[in-house]
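A short write-up of the structure that comes next.
Bear in mind that the values in this text are calculations on the coordinates, not laboratory data. In this text, all values refer to a predicted model and were calculated from it rather than measured experimentally. Counting neighbours? That spans all protein chains shown, and the Cβs are built from the backbone with ideal geometry, glycine included.
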Amino acid sequence: MKRCRIVLVLSTIAVVLLAVALCRLWPRSEPTEGRCEVYDRYCGDRAIQVSYLTDYPVNDTLSVAATVLEARSYSDWLQMLEVFNVPKELVRDVPSGVDVCVWQSLKGSPEEKYNSVMADEAEEAVVELVSMSFRNREICVFHTQNEQEYDAVFDKRITANL
Amino acid sequence: MQKQFKLMALMAVLCMATGCTKEGDTDDMGITVAVATAHTVTYIVDGRQYYDNPQTDEEWNAFLDRMAALVDEGYAVQFWRSGLRMAATKEKVTYSTENLDDAKAWCKQKVAEGYTVTMVFNQATGKYDCIAYK
């Protein structure tokens, strides 16, 4: 009887550990409608937890698709800052209250800032807004479809520090 | 073509007369001139120093036109590229205002120009501090 109880307890612990491991290793949600370039690029990276959200709430009436990249550890976060070319001046300002910052990039390339003012093909380019939070160690790529969505997301993220 | 040749000759003469500026040279204000990043130009007209920041070929040609015009009018002109001072400014630019809409508009413009932008509220001044990094 005592042996059965021990086996039962150990089995339960093993099942729980397995479930936790699966949850951490498995992406939070997989894109159901088509594949997202950014998601595909980072889903195999052990340093980053990737999630694709089809309905990220922007305001009472609007939600957009977004890919969220979260660093799993502080050292992973430092590596992400390098990959995403975060200006060193910005990192130095974080202790003085800077948390959320935003930039824009071409679709599929959130690592590079895009200058739509100087670009020749700015009118045809599909631009996405990228937001970063030092506190949450996450970078969020908003897959906006039009100017209205872009403006709404920009409004929400640029005021996040206030 | 003639104008281009004239400008090239002007630059060559100026270079020979004044000595082409090399990294480590100092200008009239004792500031070390470094031929570092592109764009920023320092120029001296009649002993007074100015800065310009031509970014495209058109802007650079317009700048050269202005220098040639000044020489035509009889002014003594020296100019050279000196990116160091402007490079620091290009790394981080700031804007402060009490008006939230103005702050957001400035931030949006900077994002469109390829900057990484953040905005915080400064309790001490009551203003929105906008910071753009490149």
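Subtracting the Cα-Cα distance of B:Phe121 and B:Glu73 from 0.36 nm times their residue separation leaves 12.2 nm of extension gain. Residues whose amide H falls under 5 Å from that of A:Val64, counting only those 5 or more places apart or on a different chain, are A:Tyr56, A:Val58, with hydrogens built in the peptide plane. Fewest neighbouring Cβ atoms within 10 Å first, the residues A:Leu81, A:Leu8 line up as A:Leu8, A:Leu81.
Normalised by 2.2 N^0.38 Å, with N the number of residues, the alpha-carbon radius of gyration of chain A equals 1.29.
Calculation over all alpha carbon pairs of the stretch A:93-142 in 5 angstrom steps from 0 returns a P(r) of 5, 21, 25, 19, 13, 9, 6, 2 percent. Dipole check for the stretch A:54-135: with +1 at the C-beta of Lys and Arg, -1 at the C-beta of Asp and Glu, and the Cα centre as origin, the magnitude is about 400 Debye.
In plain terms, the residue of A:Ile158, A:Ile6 with the fewest other Cβ atoms within 10 Å comes first and the most crowded comes last, giving A:Ile6, A:Ile158. Rounded to the nearest 20 debye, the dipole magnitude of chain A is 1680 debye, with +1 charges on Lys and Arg beta carbons, -1 on Asp and Glu beta carbons, and the Cα centre as origin.
Mean per-residue shielding of peptide A:107-118 is 3, counting Cβ atoms of other chains within 10 Å of each Cβ. Peptide A:96-106 has a mean shielding of 5, counted as Cβ atoms of other protein chains within 10 Å of each residue's Cβ. Subtracting the Cα-Cα distance of A:Glu112 and A:Asn146 from their residue separation scaled by 0.36 nm leaves 10.2 nm. Among A:Leu8, A:Cys140, A:Cys43, whose Cα projects farthest towards the positive end of the dipole of chain A, with charges put on the beta-carbon of Lys, Arg (+1) and Asp, Glu (-1)? Sorting the options by dipole projection puts first A:Leu8.
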